[in-house]
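For reference, the structure is listed below as structure tokens.
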Amino acid sequence: MNFQIRDAITANMTNHSAEDVRNVVEDAIKRGEEHLLPGLGVFFEKLWNSSGEQEKSKIAGELAQAFTAS
């Protein structure tokens, strides 16, 4: 079976509201199931690819800070 996760997630999320997207992300995080991580990766890929250089720098900085040891 040639299953493309990017295509499936794109098809499932097309025309969803911001609230719908937020609910999907929060639900995936709350569940904490490893098999949901690729789907969140697709969300991140869409965000990254639609961002300009300044936005990418901001995102990268926020991620670096999130991974900084406390």
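The values are calculated or read from the model by the stated rules, or taken from the named source; none is laboratory data. These numbers come from a predicted model, not from an experiment. We place every Cβ from the backbone using ideal geometry, glycine too, and count neighbours over all the protein chains shown. Heads up: the accessible areas ignore ligands, DNA and RNA and are worked out on the full protein's heavy atoms, side chains in. Shrake-Rupley method; radii C 1.70, N 1.55, O 1.52, S 1.80 Å.
For the chain, the list of GluC sites (Glu not before Pro) that fall in a loop by DSSP and count at most 12 other C-beta atoms within 10 angstrom reads Glu33. The chymotrypsin sites (Phe, Trp or Tyr not before Pro) found in region 2-70 that occupy coil by DSSP, while having at most 13 further C-beta atoms within 10 Å, are Phe3, Phe67. The modelled label-to-label distance for the pair Arg31/Gln65, using points 7 Å beyond Cα in the direction of Cβ, is 3.0 nm. Computed from backbone phi, the HN-Hα couplings of region 8-19 come to 5, 5, 4, 5, 6, 9, 4, 6, 7, 6, 4, 5 Hz, rounded to whole numbers (Karplus: 6.51 cos²θ - 1.76 cosθ + 1.60, θ = phi - 60°; Gly and Pro given as x). Among Ile5, Ile59, the order of accessible area from largest down is Ile5, Ile59, computed with a 1.4 Å probe on protein heavy atoms.
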